[in-house]
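Note sheet for the following structure.
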Amino acid sequence: MQINRGQKVHDVIVVGSGAAGGMAAWNLTRQGVNVLMLDAGTPFRRATFWSHVKPWEQRTRRQAGQTPPQFYVDPKQEPYVTDPQNPFELIRVWGRGGKTNVWGRVSLRYSDVDFEGPAKDGWEIPWPIRYKDIAPYYDKVDQLIGVCGGADDQDSLPGSRYHLPAPAMRCGERLLVKAAKSIGISIVPGRRAVLTKPHNGHAACHYCGACGQGCDIGAFFNSSDYLIAPALETKRLTIIDNAVVARVLVDGRGLASGVQYFDRNTKEERRVHAKRVIVAASCVDSTRILLNSKSPRFPNGIGNGNDVIGRYLSEQVRFHMYGFAPELLGTKTRNDDGIGGEHIYMPRFNHRGGEKREYLRGYGSQFWNTGAHPGPGFWAKKLPGFGEALKTDVRQKFPALVALHPYGEVLPYRHNRITVDGNGVDRYGIPIAKIEYRTGENEKKMIAEMYDTAEAILRAAKAEILPFERGWTDTAGSAIHEHSTCRMGDDPKRSALNGFCQMHEVKNVFVMDGAAFTTASEKNPTLTILALAWRASDYLAGEMQADRV
Amino acid sequence: MKTTRRATLQAIASLPVLGQSQDHSTHTATPPPAAKPYTPKVFTPAELAALSEWTDLMIPGAAAARVPEILDWEASRRPDSATRWGEALTAMTKAAETEPKLSLLTRWSIESGTDGARWFKLLKDSTIDAYYSTREGLQQDLGWNANTFLPEFTGCTHPEHQG
């Protein structure tokens, strides 16, 4: 039974409460716009996070039937389809704030090396914007959410005047910086949306290292505390929880008129109406909604007259390499928690030096797990032997771990796509998404060089390198950086959105999450998602003021 | 509705004060449960006794850290794990009837592709994961005392590590 939530026509509906949806709601409500937000879950309460529950205490609690908040969507409950030969791991959070509750917090600016990349190498379409268009918004985002980092500035990683103090490097990180420098590779202070001092009313980090469990004091950016809470204070934001959006509704003029959603608990169908719709449910879910939004005017899904939406899915290739720094073997275990994750970053550098490479685009590297951290099993199991000798070996090596996690950009391929036809329906009756994705020769060649670089850094550090399988990469999707399935571009025949995330074919629909990206870069996208969403919602507000949308 | 830079900065500055307290006494999750003896769910008493010996040979101290109970609990949550352990323990117990456990582990530790190599890997991987998740393993043995509250993070203070 369909329930219409009254005949009220909202100014704007925002689908999704993560980085993009939260930013759109925050920016529009403070400019006087009334927003209805639909979120597929419910709020997560910080007081329930297990941020300070030690590993052995976690087990005792679980044995007693207690559980921490269930952030991640169970794919058995909310299924998707993937090719068993080329599996794609889709990781989602349905709940207030989305993945920003548990994200990695790495906050890197895209540069013109990214924005101009396709124009220079000719692969697929160029971005319709350049760094100068988004730079003011990066500045605003840095100031709003608080990003800690250094004073470095280079062509592949532009600097910021607004960084909070960078956290001190760990011993292993210092040694990696020194080693990389000795072979001409730059490793700089990392940039993370973690507060190293109180900022805009939010508490500073207390270095407990439990960020992946959710921060119980909100010391890293999350959409719920930093964007949605202040938006609610304006009294112009209304949120419907447990709203699983299925489709954007289209009227006789070919414009969006609202959305159809299903109550996650009762499975009742409901419809809400608005003059404008912002889709920000995260790349794959947003794309699924758009493709399922079929009508006589848009038989392939809303705004998809040119069969662009759903295609060009891009993510990143990634692997892990570990070693033990000789200077740290057998030393006293330090508290290496810091701000959780690495305090350093290796920016892309392969475009310099004039050397012609056999692949396009590039890679950078992260370094989480460097230092003494819980869960040493993943490397301890690879050590030989058993008994007292093994125990001594683990104890020697525990403080000495150094870790590299290089990320490489995957090209947008037309055949990498999301479809919704012929995959069955979920428990609400909504067609299920199928994800088809594989990397190619370009990525294979880049991965070979990525392995060479990682190994070279560890050898320069004289680290004992843990055995690895050259060429291995993580399961596709595990970097959780899906992009480009509703890409922006200047050519409406080859893109779905303009540079302001506005649909070419349906001017009152905006798509503001990672689906809007033209390329995936090698960098973590959230800072760019926030900047693009701020810019796009400023544009929308202006168009509303001028009565053009 | 075009926003000026001044308005943006004013908006940022007017954000309500949120969670500025550094008093973390209220941030504990649901209270820890009262400690009570563990009731095995999968392994028989004989199997648990055998596991105590095997895991203690693998990592001395594993039995005192109650690793067999952890393995039992893990097996109760994953039927495939319980099946694998059931088969492995039966086979390992039988092998130990004619050869000392230490000798078996020493031999299996350098084999590859054999049943013994498979049992050794199961025992080693499981014991390592379990032991180093305990207070005895992670805290007392490895000296990990983190996941706490620090007013500042001093990081590396060794001049010889500087670049």
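The values are calculated or read from the model by the stated rules, or taken from the named source; none is laboratory data. This is a predicted model, so every value here is computed, not measured. Cβ: placed from backbone, ideal geometry, glycine included. Neighbour counts: every protein chain shown. Just the protein is used for accessible areas: all its heavy atoms, side chains included, with ligands, DNA and RNA removed. Shrake-Rupley method; radii C 1.70, N 1.55, O 1.52, S 1.80 Å.
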Residue in segment A:162-171 that is hydroxyl-bearing (Ser, Thr, Tyr) and over 21 Å from the mean Cα position of the chain (by Cα) present: yes
Spans of strands (runs of 3 or more DSSP E) in segment A:189-301 with at least 3 residues open to solvent by less than 10 Å² (accessible area, probe 1.4 Å): A:243-250, A:256-263, A:269-279
In segment A:136-175, the residues that are under 28 Å from residue A:313 (Cβ atoms) and surrounded by fewer than 16 Cβ atoms within 10 Å (Cβ to Cβ): A:155
All positions within segment A:44-64 that are open to solvent by less than 60 Å² (accessible area, probe 1.4 Å), more than 8 Å from chain B (Cβ to nearest Cβ) and more than 18 Å from residue A:337 (Cβ to Cβ): A:44
Restricting segment A:39-88 to residues that are more than 20 Å from the chain's Cα centre (by Cα) and among the aliphatic types (A, V, I, L, M), the residue that is farthest from residue A:439 (Cα to Cα): A:64
Any hit, segment A:504-527, residues being free of Cβ contacts under 8 Å to residues at least 40 places away in the same chain, open to solvent by less than 10 Å² (accessible area, probe 1.4 Å), away from chain B (no Cβ under 14 Å) and closer than 24 Å to residue A:347 by Cβ: yes
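Consider residue A:397 carefully, then state whether it is within 29 Å of residue A:185 (Cα to Cα) and exposed (fewer than 14 other Cβ atoms within 10 Å of the Cβ).
Details: within 29 Å of residue A:185 (Cα to Cα): yes; exposed (fewer than 14 other Cβ atoms within 10 Å of the Cβ): no.
So residue A:397 fails the test.
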Index of the failed condition, residue A:185 passing every other in (1) hydrophobic (A, V, I, L, M, F, W, C); (2) over 29 Å from residue A:464 (Cα atoms); (3) crowded, with 18+ Cβ neighbours inside 10 Å: (2)
Subset tally (residues that are assigned to a helix (DSSP H, G or I) and surrounded by fewer than 17 Cβ atoms within 10 Å (Cβ to Cβ)) for segment A:420-445: 3
Considering residues of segment B:94-151 that are in a helix (DSSP H, G or I), at the interface with chain A (Cβ under 9 Å from one of its Cβ atoms) and open to solvent by 90 Å² or more (accessible area, probe 1.4 Å) only, the residue farthest from residue B:58 (Cα to Cα): B:135
Filtered residues of segment A:366-384 (kept if open to solvent by less than 50 Å² (accessible area, probe 1.4 Å) and out of contact with any helix residue (DSSP H, G or I) (no Cβ under 7 Å at 6 or more places or on another chain)): A:366, A:369, A:373, A:375, A:379
Residues (surrounded by fewer than 20 Cβ atoms within 10 Å (Cβ to Cβ), β-branched (Val, Ile, Thr) and under 14 Å from the mean Cα position of the chain (by Cα)) located in segment B:58-84: none
Selection from segment A:464-479 of residues that are in contact with a helix residue (DSSP H, G or I) (Cβ under 7 Å, 6 or more places away or on another chain) and part of a loop (DSSP other than H, G, I, E, B): A:466, A:470, A:471, A:473
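This table checks each residue for (1) in a loop (DSSP other than H, G, I, E, B); (2) more than 12 Å from every other protein chain (Cβ to nearest Cβ); (3) within 30 Å of the chain's Cα centre (by Cα); (4) closer than 30 Å to residue B:127 by Cβ.
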site: A:338; (1), (2), (3), (4): yes, no, yes, yes
site: A:349; (1), (2), (3), (4): yes, yes, yes, no
site: A:354; (1), (2), (3), (4): yes, yes, no, no
site: A:364; (1), (2), (3), (4): no, yes, yes, no
site: A:378; (1), (2), (3), (4): no, no, yes, yes
site: A:382; (1), (2), (3), (4): yes, no, no, yes
site: A:390; (1), (2), (3), (4): no, no, no, yes
site: A:395; (1), (2), (3), (4): no, no, no, yes
site: A:411; (1), (2), (3), (4): yes, yes, yes, no
Subset of segment B:84-93 (residues that are aliphatic (A, V, I, L, M) and farther than 19 Å from residue B:60 by Cβ): B:88, B:89, B:91
Matching entry among B:55, B:8 (being among the hydroxyl-bearing types (Ser, Thr, Tyr), open to solvent by less than 30 Å² (accessible area, probe 1.4 Å) and modelled with pLDDT of 95 or more): B:55
